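The values are calculated or read from the model by the stated rules, or taken from the named source; none is laboratory data. These numbers were taken from a predicted model, which means no experiment stands behind them. Don't worry about glycine lacking a Cβ; one is built from the backbone with ideal geometry, like all the others, and counts go over all protein chains shown.
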Amino acid sequence: MKFAALVAVLAEDMEDAAIDAARNAGAGGVTILGGRGIGIEEKKTFFGLTYEGSQSVLLFVLEKKLSVRVLKALTRDLDLQNGSKGVVFTLPLEHLAGIDLQQLERFESQLEREI
C-alpha cells in the first residue's frame, strides 16, 4: 500500500470547513499546525501596525488514491481555484512508521470497496 502526505495551507478561519471536507471525503486524523506567510501582495498596515492573517497548516497521512480524492474535495468545497485562498498539495511517502493499525485497516477496507 502506498501513502502520501496531503498538506493544506489555509487561512485559519477556513480550518473547520477544510477538516469537514476532508473527513467527508474519507480522511481520518489530521495534524494542525499554526503558521503565517508572506504573499505576493504587500502587507496591510493600520496606524503603523502590520496585519498578518493567521494560517493553519493541515497535515494528513493518507493512502495515495484517497489523498487525491481529499485534495479534489478540498479544492472544490473551499473554492481554492478562485483567488488565493490557500494551497493544497500531496507528497509521496517512501517510508512510514507509527501509523495506527485501525487507520490502516480502514484504508484497506476502502480499497476493497473500490475494487
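So the values come out like this:
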quantity: Scan of region 79-115 for residues that are in contact with a Leu (Cβ under 9 Å, 6 or more places away or on another chain), aliphatic (A, V, I, L, M) and closer than 16 Å to Ala27 by Cα, ordered by number; calculated: Val88, Leu91, Leu111
quantity: Every residue from region 105-115 that is of a type in the set (A, V, I, L, M, F, W, C) and either outside any helix (DSSP H, G or I) or without any contact (Cβ under 8 Å) to a residue 24 or more places away in the chain (or both); calculated: Ile115
quantity: Flag if Leu62 is assigned to a strand (DSSP E or B), at pLDDT 95 or above and under 17 Å from Leu93 (Cα atoms); calculated: no
quantity: Long-range neighbours under 7 Å by Cβ, at least six apart or interchain, first residue more than 19 Å from Asp16 (Cβ to Cβ) within region 67-81, second of a type outside the set (S, T, N, Q); calculated: Ser67/Ala4; Ser67/Leu6; Arg69/Ala25; Arg69/Gly26
quantity: Residues located in region 1-29, provided they are outside any helix (DSSP H, G or I) and touching a helix residue (DSSP H, G or I) at 6+ places or on another chain (Cβ under 6 Å); calculated: Lys2, Ala4, Leu6, Ala8, Leu10, Ala25, Gly26, Ala27, Gly28
quantity: In region 90-104, the residues that are in contact with a strand residue (DSSP E or B) (Cβ under 6 Å, 6 or more places away or on another chain) and either at pLDDT 90 or above or in a strand (DSSP E or B) (or both); calculated: Thr90, Leu91, Pro92, Leu93
quantity: Residue check for Glu41: at pLDDT below 90 and not β-branched (Val, Ile, Thr); calculated: yes
